Amino acid sequence: EFDYIQAFVAREWARAYTGKPFDSGRLIKKELKHGNAGDFQGFLLNARLDKFKDVRVRQAIGLAMDYEWMNRQIFYQSYTRVRGYFTNSPFEAKGLPLPEDLALLRSLKQPVPAAVLTSEVPTPPVTTAPSSLRDNLRLARELLSQAGWEYRDGALRNAKGEKFTLEFLDSAGSMGRVVAPYTQTLAKLGIAANYRVVDPSVYEKRIKDFSFEMISSRTLGQLTPGSELRRYESQYARVPGSSNLPGVSDPVVDELVKQVMQARDRPGLTVAVRTLDRVLRHGYYDVPHWYSPVH
């Protein structure tokens, strides 16, 4: 007794909406493609903590997630990988910097890392041929070694002999089926990952105090990004309760956020946000999740 209902769970869409009413045409099941800016969703790493301060460590942790397997086995191939902070919009950085992007980067007062200027913007690793999870883990192990973490005595350890542990913090348990295979892959690197579900009030307090290691987070996509991007400014990295959850503290990011705020027209805004996306993605502050390009 309804005209319309929307499904939000991939499992239900694949398995529950079937049967005679659909076969007869009394109920119509349809995917409607949209052009909305994709939301950002991912596992955020707390870069304030010593073990996550090295960008190579954060990149290595991202290499251990096998999204393609998850999409096949858990999501019924319903989702598309989040690539950056402004997926599916004109503000998404792609490939090498465009001439206008380079001009903006070179005009900044703060020195910009050479990789941002000369290399393609980082995209999430894949495990489909010719790539593989094994290859990704080899690269992850090399990055961890460069950052001072070596596998010995049954665990990944630093020079002091301390084990590398990782806590996924959640308040509802909804990420359990995603985290479980991820922790198994991290174990192959010697990282002892633990999934912990706490009371929502405890979760909220730990988020506000930045007393977490990794959490799942989502921010809505915007057709016209603006002042909400100030959450990435360095001044908020140490302010309890701020929205700068990963603890981004980068003077280049600060300058680019100002460029976004000062943009006088749409083309100028597009260049500023696209360049901000590029710089943030080179920081590997998160492990990108997935989104749906359809209703």
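Okay, residues lined up against (1) basic (Lys, Arg); (2) out of contact with any strand residue (DSSP E or B) (no Cβ under 9 Å at 6 or more places or on another chain); (3) under 30 Å from Thr224 (Cα atoms); (4) open to solvent by less than 50 Å² (accessible area, probe 1.4 Å):
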{"position": "Phe8", "(1), (2), (3), (4)": "no, yes, yes, no"}
{"position": "Trp13", "(1), (2), (3), (4)": "no, yes, no, no"}
{"position": "Tyr17", "(1), (2), (3), (4)": "no, yes, no, no"}
{"position": "Asp23", "(1), (2), (3), (4)": "no, yes, no, no"}
{"position": "Leu27", "(1), (2), (3), (4)": "no, yes, no, no"}
{"position": "Gly35", "(1), (2), (3), (4)": "no, yes, yes, no"}
{"position": "Asp39", "(1), (2), (3), (4)": "no, no, yes, yes"}
{"position": "Gly42", "(1), (2), (3), (4)": "no, no, yes, yes"}
Residues that are among the aliphatic types (A, V, I, L, M), open to solvent by 20 Å² or more (accessible area, probe 1.4 Å) and within 20 Å of Val112 (Cβ to Cβ), drawn from the stretch 242-295: Met261, Ala263, Val271
Matching residues, the stretch 61-92, being within 20 Å of Glu120 (Cα to Cα), part of a helix (DSSP H, G or I) and over 13 Å from the mean Cα position of the chain (by Cα): none
Cβ pairs under 9 Å, 6+ apart, first in the stretch 79-95 and farther than 25 Å from Ala14 by Cα and open to solvent by 30 Å² or more (accessible area, probe 1.4 Å), second in a loop (DSSP other than H, G, I, E, B) and polar (S, T, N, Q): Lys94/Thr123
Criterion (small (Gly, Ala, Ser), over 16 Å from Phe43 (Cβ atoms) and open to solvent by 60 Å² or more (accessible area, probe 1.4 Å)) met by exactly one of Ala159, Ala147: Ala159
Verdict on Ser234 being out of contact with any helix residue (DSSP H, G or I) (no Cβ under 7 Å at 6 or more places or on another chain) and surrounded by 14 or more Cβ atoms within 10 Å (Cβ to Cβ): no
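Test Ser227 against the criterion of being modelled with pLDDT under 95, surrounded by fewer than 16 Cβ atoms within 10 Å (Cβ to Cβ) and under 19 Å from Pro288 (Cα atoms), and give yes or no.
For Ser227, the condition - modelled with pLDDT under 95, surrounded by fewer than 16 Cβ atoms within 10 Å (Cβ to Cβ) and under 19 Å from Pro288 (Cα atoms) - is not met.
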Subset of the stretch 255-289 (residues that are of a type in the set (D, E, K, R), over 18 Å from Ser234 (Cβ atoms), part of a helix (DSSP H, G or I) and free of Cβ contacts under 8 Å to residues at least 24 places away in the same chain): Arg266
Every pair of residues 6+ apart whose Cβ atoms lie under 6 Å, when the first sits in the stretch 6-28 and is without any contact (Cβ under 8 Å) to a residue 60 or more places away in the chain while the second is among the aromatic types (Phe, Trp, Tyr) and surrounded by 10 or more Cβ atoms within 10 Å (Cβ to Cβ): Ala7/Trp13
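The values are calculated or read from the model by the stated rules, or taken from the named source; none is laboratory data. Computed from a prediction, not measured in an experiment: that's the story for all the values here. Here Cβ is always computed from backbone atoms with ideal geometry, including for glycine, and neighbour counts include all displayed protein chains. We work out accessible area using only protein heavy atoms, side chains counted, and drop any ligands, DNA or RNA first. Shrake-Rupley method; radii C 1.70, N 1.55, O 1.52, S 1.80 Å.
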